[in-house]
1. Under 18 Å from a point 7 Å along the Cα-to-Cβ line of residue 257: which residues of segment 213-248 have their amide N that close?
2. Which peptide among 102-108, 14-20 comes first, and what is the full order, when sorted by highest mean count of other Cβ atoms within 10 Å?
3. For segment 181-262, just say rounded, prolate or oblate: build the C-alpha gyration tensor, square-root its eigenvalues into a ≥ b ≥ c, call rounded for a/c under 1.5, and beyond that prolate if a/b exceeds b/c, oblate if not.
4. Grab every C-alpha pair in segment 4-106, bin the distances at 5 angstrom width from 0 up to the longest one, and report whole percents.
5. Under the classification rounded if a/c is under 1.5, otherwise prolate if a/b is larger than b/c and oblate if not, where does segment 1-55 fall, given a ≥ b ≥ c as square roots of the Cα gyration tensor eigenvalues?
6. If you stretched the chain out fully between residue 108 and residue 205, how much longer would it get, using 0.36 nm times the residue separation minus the C-alpha to C-alpha distance?
7. How much length, in nm to one decimal, is gained on full extension between residue 116 and residue 246, taken as 0.36 nm per residue of separation minus their Cα-Cα distance?
8. At a Förster radius of 25 Å, what calculated FRET efficiency corresponds to the Cβ-Cβ distance of residue 46 and residue 11, to the nearest 0.05?
């Protein structure tokens with residue numbers, strides 16, 4: 001697991017010091033310091049170059065969002081994790097390519113999840129850097145690119161890796177904020193349109209993705225992931241019951257008390273869905 005240097009920025013002393021103490025309990029986390037406003041944070045980021053900044057949004061003077069925008073415009077590589085007590089800021093956070101956001105008050109489990117996500121991203125960054133170094137070395141020694149070399153290996157192993165290929169096809173890559181994450185299709189429960197964003201609801205989490213429902217329709221198999229309204233796609237494997245309303249529409253029950261309305265325009269799906277899932 002990669003070591004991560006962090007800076008904590010919050011105008012509330014208890015919240016600031018409390019988060020710093022909680023972060024310090026993780027072996028792979030080094031807390032470089034704490035700041036109580038955006039100006040102080042900007043100076044500290046410039047000097048210390050932390051890997052991650054845990055950044056409060058609502059602060060006197062310049063807000064956390066404004067600081068994140070400034071850092072992005074200047075090309076600062078620090079990863080941003082927004083910390084806020086206001087749920088409505090969650091979607092805005094991803095406009096600034098934030099890695100994650102923590103909604104106050106957050107549990108130890110939620111913080112652990114955030115740290116694991118950051119660690120995975122750091123590990124991936126190291127892999128990419130190593131890939132570039134290996135590519136440069138291979139090019140110098142053989143005159144071939146690493147992609148050409150890997151392609152030759154993939155072709156020779158293609159027939160023997162059918163099972164692995166099948167597993168790979170059951171995974172979708174999604175860009176959440178500034179990070180790419182891999183999600184098993186079997187874990188997706190439903191996909192919901194939320195303005196310019198999509199909420200991909202999985203068994204254990206929700207990922208906010210900058211994408212259109214139409215793009216998901218094109219990427220996913222409509223037999224397994226049918227669109228059931230102007231704003232929803234469901235995983236047919238998660239469908240437990242399909243109940244008609246008095247107005248002629250249906251409500252799809254997806255387990256764990258998740259209910260999704262099936263729009264009239266998409267009623268043609270009903271007869272196909274009912275025999276397979278209900």
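Bear in mind these aren't lab numbers, they're just calculated from the coordinates by the rules spelled out. Fair warning: this is a prediction, and the values are worked out from it, not measured in the lab. Glycine gets a Cβ as well: all are built from the backbone with ideal geometry, and neighbour counts include every protein chain shown.
1. Zone members listed by number: 240-241.
2. Descending packing order for the listed peptides: 14-20, 102-108.
3. Numbers: a/c = 1.72, a/b = 1.42, b/c = 1.22.
It comes out prolate by the Cα gyration axes.
4. 2, 14, 27, 28, 20, 8, 1
5. Numbers: a/c = 2.90, a/b = 1.21, b/c = 2.40.
Oblate, because a/c is 1.5 or more while a/b does not exceed b/c.
6. Numbers: separation 97, 0.36 × 97 = 34.92 nm, distance 1.57 nm.
That works out to 33.4 nm of additional length.
7. On the way: separation 130, 0.36 × 130 = 46.80 nm, distance 4.64 nm.
Extending this stretch completely gives an extra 42.2 nm.
8. Values: r = 20 Å, r/R0 = 0.79.
Once rounded, the FRET efficiency stands at 0.80.
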